[in-house]
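Values in this text are rule-based calculations from the coordinates and carry no lab data. Given the structure is predicted, the values throughout are model-derived calculations rather than measurements. So basically every Cβ, Gly included, is an ideal-geometry build from the backbone, and we count neighbours across all protein chains shown.
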Amino acid sequence: MIEINTIALLKNKVNEAIETGQTIGFVPTMGFLHEGHMTLVKHARAENDLVIMSVFVNPAQFGPNEDFDRYPRDIKRDSRLAKEAGVDVLFYPQVDEIYPQDGGITIQAGQQSNVLCGASRPGHFDGVLKIVTKLFHIVQPTRAYFGQKDAQQLAIIETLVNDYNFPLEIRRVETVREEDGLAKSSRNVFLSIREREEASVLQKAIKLGIEHYSNKRNANQAIAITKKLIEEKTSGKIDYVELLGYPSLTKPSTAEEDVILAVAVFFEKARLIDNIILTNKGE
Ligand code: AMP
């Protein structure tokens, strides 16, 4: 594995791959890698000749009172894990390399960003689209891999790629979980021992809600069931519990539409998100 931290050097590597007819699998991350990220790499490794991972904590997607400064970082550990997972190129740029100047042009997410995390984190998805657009142009991937854990992000990126004809394929990867069901996340390190124990309730509560919806098709009841369990069994404060059509992220209109039951919960030092997507074929 080689480590690259300038766009120019990465472009050389990318051009070489394209000239020799290699496919490029791309895994964008903010680092502090865990098994969720590794699973994206596994898929990228299986489907492409060259695997590029980026590690970049993107300031553009953090609000002023969010955790950009204290977001966990450990590039030495990330480098070792990426190598073990089969990454060929680790792109690890500094902020100035990615954002040297501001030309004033912005990319704005559409109506899919008015709900869920977009409603509680204004501008977050604009920042996500900004970095993703830049990285797609730099890396020129054949396929890019995103986790369903960040289902709203995935849906919005799919819209960008479809609507603006980005020449790549977006691949969805299922959420990787701890043994007790907690979705793996770089932010889990911020949980206290007690919160860590409580946090497994999130997935249980979503499961109960989605099972209810699957049987009764009553979104309000499903939401209420999920909320009740989280409120009873955790010390966290609910940011949202929502049930929406997926990937439209509008109120479910037909019984055939896939739906997402998504939650965000504030713990003392971490805001955790999780979801389950109920597809027509079952979960
Ligand atoms: P992050 O570093 O948190 O920005 O995540 C980078 C990528 O890994 C995103 O596409 C995430 O959706 C994905 N990801 C994060 N956690 C998980 C997980 N537990 N399972 C699967 N993918 C994940």
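The alpha-carbon atoms of the chain define a convex hull whose volume equals 135 cubic angstrom per residue. Placing dummy labels 7 Å off each Cα toward the beta-carbon, the span from I193 to K227 is 3.4 nm. Within the stretch 164-273, the GluC sites (Glu not before Pro) that combine a DSSP coil assignment with at most 10 other C-beta atoms in a 10 angstrom radius are E179, E256. Packing, as the average of other Cβ atoms within 10 Å across residues, places the peptides 124-135, 183-194 in the order 124-135, 183-194, highest first.
Within the listed set D78, D102, D163, the residue fluctuating most in the Gaussian network model of the chain (springs between alpha-carbon atoms under 10 angstrom) is D102. Remark: the stretch 90-204 is approximated by an ellipsoid whose semi-axes, taken from the C-alpha gyration tensor as √(5λ), come to 29, 17, 16 Å, largest first. DSSP assigns beta bridges within the chain; of those with both partners inside it, close to 50 percent run antiparallel. Projected label points at I105 and R70, each 7 Å from Cα along the beta carbon direction, are separated by 3.8 nanometres.
Count Lys and Arg as plus one, Asp and Glu as minus one, and take only other residues whose Cβ is under 10 Å from that of V89; the net charge is then -1.
Per residue, the convex hull spanned by the Cα atoms of the stretch 1-61 amounts to 101 cubic angstrom.
Within the listed set Q140, Q148, Q111, the residue fluctuating most in the Gaussian network model of the chain (springs between alpha-carbon atoms under 10 angstrom) is Q111. For the pair T133 and T279, a Förster radius of 25 Å applied to the C-beta separation gives a FRET efficiency near 0.30, rounded to the nearest 0.05.
Start at zero, step by 10 Å, and the Cα-Cα distances of the stretch 178-250 spread as 19, 47, 29, 5 percent across the bins. Enumerate by residue number the trypsin sites (Lys or Arg not before Pro) in the stretch 207-283 meeting two conditions: DSSP loop (anything except H, G, I, E, B), and at most 14 other Cβ atoms within 10 Å of the site's Cβ. Loop-located and lightly packed - R217, K269, K281.
All alpha carbon pair distances within the stretch 66-116 were sorted into 10 Å bins beginning at 0; the resulting P(r) in whole percents reads 16, 28, 35, 21.
Among G209, G31, F62, pick out the residue whose Cα is farthest towards the positive end of the charge dipole of the chain, where Lys and Arg carry +1 and Asp and Glu carry -1 on C-beta, about the Cα centre. Value: G209. log10 I(q)/I(0), Debye, Cα-only the stretch 153-283, no solvent, q = 0.13, 0.18 Å⁻¹? Taken in order of the listed q values, log10 I(q)/I(0) reads -0.58, -1.01. Sparse packing (at most 11 other Cβ atoms within 10 Å of the Cβ) combined with a DSSP loop state is found for the following trypsin sites (Lys or Arg not before Pro) in the stretch 1-82: R70.
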